[in-house]
Amino acid sequence: MPMYPDHRYELTMPTFTRIAWASDHAREVWEPRLHAVRAASLDLEWMSVEAGIRPCCIATVTPAEMLRLAPRWLSHDLTSHLVDVVNLGPEDGSDAATTGRPVGMRLIVGRLADVKRMVRAVEACDNDTIGLMLGYPPCCTEFFRTVWVEGDMIDTTWPMAAASPGERADEATIQLESAWEANILWRWGGVRPVPSLPCRFDCPGTLSFARALAGVARDNDLGEAMDWTREILSWPIKWSALHGIAEITTPICKISTPTDATGVRYTVEREGTTYPDEGARGLGFPYTSRVAPTGAGRPADVTSA
Amino acid sequence: MGIEVRPLGVKCNIQCRYCYQEPQRDAGNARMMYDLPKLKKAVEEAGRAFTLFGGEPLLAPIPVLRELLEIGLRKYGRTDMQTNGTLIKDAHIDLFREFNVAVGVSVDGPDELNDVRWAGSLAKTREATAKTHAAIKRLCEEGFNPTVIITLHRGNATAEHLPRMHEWLRELDAMGVKSARLHILEVEDDDEARGYALTDDENIAAFMGFAALEKELKNLSLDVFNDMRNLLAGDDTKATCIWKACDSYTTRAVRGIEGNGQSSNCGRTNKDGVDYVKSPQEGFERYVSLYHTPFEYGGCKDCRFFLMCKGQCPGTAIDGDWRNRTRDCRVWFTMYETLEQEALAEGQTPLSLDPVRKQVEDRMLAAWLSGSNPDYYQAVLDARAAAAAQHHE
């Protein structure tokens, strides 16, 4: 399976991430949970630094969040360095769809010496050191350099799937299974197991990284959000790309966002192990792979509501 | 925006073999229940006149219809309804009169030409067709002058059927039917209905024939041709949604209100059978993308009719994927070419051949990139005025 899709062409799409819910009920139940997951992800970034999982993180925060977090960072001997000011989307922890275009500050957070080293690496575009400082698995850093930097792609999904074990229905469709810890397809909805872009759906380094982050979450009262993360990432999900527009179809919603422009549709179908009670009934994947609900829309071992 | 109120979702008393709502039924999403208080609240808050829609809206009991129509009259002065006409009885006619209802009837032709609108057996189908035609006649006699929606397929619009169809349209014209909308049969490649679809050449021949017929009709207009002529003239202000850069996540032209009060989109894009809730944010990425995507990939790059057509309805897109242009591209391209020639013959400069076209395209692209979707009418006026001023300098 070739790493890069064929039939690529030049097309620059505007920035957008839009969501359509499968039903009002699905939205009522899951939208607050998605917000909780996104908020927890922000805290988990710096908490993982504080816990020694990695030297630095990149956190995108609103000015209000900065006021909340700066004293806490200081109390943990952490400092921050402003890298950029960006418009926030759902993947950054703020719902641009309902709040307009809020502005966020992209910060490097870590201990002073580490932040300095990270800043030097960013200025030098030294991806290897950046990946090392962010705790990313070396194989994923190499993957990022190959695909994003040298391959000039803005979406790593297809190369990631092409490098993973799975069924090839045809040259443009991959069906695969993966542990939730390496399922990155919900990232446009703000739910991700790791902050890095995994090189494969079975990347061992990513699995370890995700488990370490989950441990930090549970040690810091973020267990509920982590349970929702695991639940969401265990559902079936489909990513497809055509003409520079990606559509991510999940049991509860679909999301559209820019991707690399291709003249044929590329599809990745990641099988699920559970399905939410609020999930839609529909034709074709991910709907037909519905498995028996586990009750209350959550895995059986989730204890907190 | 048109408001489509669907008291019983897509539930219907007949089973048209090509129905675009079939994926919802196949997926088990045909709601059979309604919640009248929630439905009435949603209709009260709709803010504008609505269309009772289905499925078949007349499956709803008379008292329910009365309550909804009462809101329509009180708040908006009228209500529209789209029905297959088979269930219209005296009580319905009384309701239509009492509550100022404008009726649209979905029907594909007389007798056997309507057989694809299947009712379970051939005898029941013909019986249903007879009821539909009796209803149209009755509505005309009662002064309602209904509109009709006709889907073109192998059962009514091949060369052998067209003379009969033309005769029938003349009858409708004489009866007082005001307007007919012609639809190309919407099918997917793996769809059972594929067998009913006309070829592009057959569709073109049918449309050409209807365009010629329209000139001899007195009351009845075929709205698709009016739309296309106006669009070529640079006026898109009254064009129907299929030409107006519809966003499949929000379907600006159609807002559905389901039996439980839930807000939904136009069902034509529900290829996976899921009746998605309207997205909170409009977007027109499809049109930015189609403008730049080569034709051989399913895009519209360099098409001189792009401004008018915009890849047409996303519900008719190639492979059922809204990111593609319409699968009926060749039909519409040929029709635009024909009407373009017609305009030239009348001494007009159609927008497709107007030197200002590129400027208008750039303005529309800029609008879509910023997330808005204005009419192009003003942009055409501005560009033509600027060109005229430059010419006089």
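Side notes on the structure shown:
- Of the residues contained in segment A:41-62, none is found to be under 30 Å from B:K271 (Cα atoms) and touching a residue at least 60 places away in the same chain (Cβ under 8 Å).
- Of residues in segment B:118-143 being of a type outside the set (V, I, T) and within 19 Å of B:E167 (Cβ to Cβ), the one surrounded by the most Cβ atoms within 10 Å (Cβ to Cβ): B:H133
- Criterion applied to A:S196, A:S164, A:S208, A:S234 was being in contact with a strand residue (DSSP E or B) (Cβ under 6 Å, 6 or more places away or on another chain), farther than 13 Å from A:A40 by Cα, away from chain B (no Cβ under 14 Å) and of a type in the set (S, T, Y), and the one residue passing it is A:S164.
- Scanning segment A:239-288 for residues that are under 22 Å from A:R33 (Cα atoms), facing chain B (nearest Cβ under 8 Å) and not in a strand (DSSP E or B) gives A:A280, A:R281, A:Y287.
- Residue ID - surrounded by the fewest Cβ atoms within 10 Å (Cβ to Cβ), chosen from residues in segment B:61-84 that are touching a Leu at 6+ places or on another chain (Cβ under 8 Å) and under 24 Å from B:R17 (Cβ atoms): B:Q82
- In segment B:362-393, the residue that is nearest to the chain's Cα centre (by Cα) out of those that are of a type outside the set (S, T, Y), outside any helix (DSSP H, G or I) and at pLDDT below 95 is B:G371.
- Taking the listed residues B:R325, B:R330, the one that is modelled with pLDDT of 95 or more, more than 14 Å from chain A (Cβ to nearest Cβ) and touching a helix residue (DSSP H, G or I) at 6+ places or on another chain (Cβ under 9 Å) is B:R330, with no other qualifying.
- Annotation: of all residues in segment B:233-272 being hydroxyl-bearing (S, T, Y) and more than 13 Å from chain A (Cβ to nearest Cβ), the one that is surrounded by the fewest Cβ atoms within 10 Å (Cβ to Cβ) is B:T237.
- B:G47 meets the stated requirement of being farther than 30 Å from B:D115 by Cβ and assigned to a loop (DSSP other than H, G, I, E, B).
Let's see how each residue does on (1) outside any strand (DSSP E or B); (2) under 30 Å from A:K116 (Cβ atoms); (3) out of contact with any Leu (no Cβ under 6 Å at 6 or more places or on another chain):
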site: A:M13; (1), (2), (3): yes, no, yes
site: A:H25; (1), (2), (3): yes, no, yes
site: A:V29; (1), (2), (3): yes, no, yes
site: A:P32; (1), (2), (3): yes, no, yes
site: A:H35; (1), (2), (3): yes, no, yes
site: A:S41; (1), (2), (3): yes, yes, yes
site: A:W46; (1), (2), (3): yes, yes, yes
site: A:G52; (1), (2), (3): yes, yes, yes
site: A:A59; (1), (2), (3): no, yes, no
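- Search result, residues across segment B:345-361 that are assigned to a helix (DSSP H, G or I) and surrounded by 13 or more Cβ atoms within 10 Å (Cβ to Cβ): B:L351, B:S352, B:L353, B:R357, B:Q359, B:V360, B:E361
- Residue pairs whose Cβ atoms lie under 7 Å apart, separated by 6 or more positions or on different chains, with the first residue in segment A:184-209 and under 20 Å from A:R54 (Cβ atoms) and at pLDDT below 95 and the second of a type in the set (K, R) and in a loop (DSSP other than H, G, I, E, B), do not occur.
- Of all residues making up segment A:5-27, the number that are over 26 Å from B:A366 (Cα atoms) and more than 9 Å from every other protein chain (Cβ to nearest Cβ): 2
- Only listed residue being assigned to a loop (DSSP other than H, G, I, E, B), crowded, with 21+ Cβ neighbours inside 10 Å and within 11 Å of the chain's Cα centre (by Cα), chosen from A:S196, A:S178, A:S164: A:S196
- Among the residues of segment A:111-147, those identified as outside any helix (DSSP H, G or I) and within 24 Å of A:E181 (Cα to Cα) are A:L134, A:G135, A:Y136, A:P137.
- Of residues in segment B:1-57 being surrounded by 17 or more Cβ atoms within 10 Å (Cβ to Cβ), within 14 Å of chain A (Cβ to nearest Cβ) and in contact with a Leu (Cβ under 8 Å, 6 or more places away or on another chain), the one farthest from B:R154 (Cα to Cα): B:L39
- Residues in segment A:181-193 that are small (G, A, S) and assigned to a loop (DSSP other than H, G, I, E, B): 1 in all.
- Matching residues, segment B:202-253, being over 15 Å from B:S179 (Cα atoms) and of a type in the set (S, T, Y): B:T237, B:S248, B:Y249, B:T250, B:T251
- Inclusion of B:V187 among residues that are in contact with a Pro (Cβ under 8 Å, 6 or more places away or on another chain), in the same structural domain as B:L95 (by TED's automatic domain parsing) and in a loop (DSSP other than H, G, I, E, B) is not warranted.
- Qualifying positions in segment B:59-96 - part of a helix (DSSP H, G or I), under 21 Å from B:G261 (Cα atoms) and free of Cβ contacts under 8 Å to residues at least 12 places away in the same chain: B:P63, B:R74
The values are calculated or read from the model by the stated rules, or taken from the named source; none is laboratory data. For clarity, every value in this text was computed on a predicted model and none was experimentally measured. Virtual Cβ from ideal backbone geometry, glycine too; neighbours counted across all protein chains shown.
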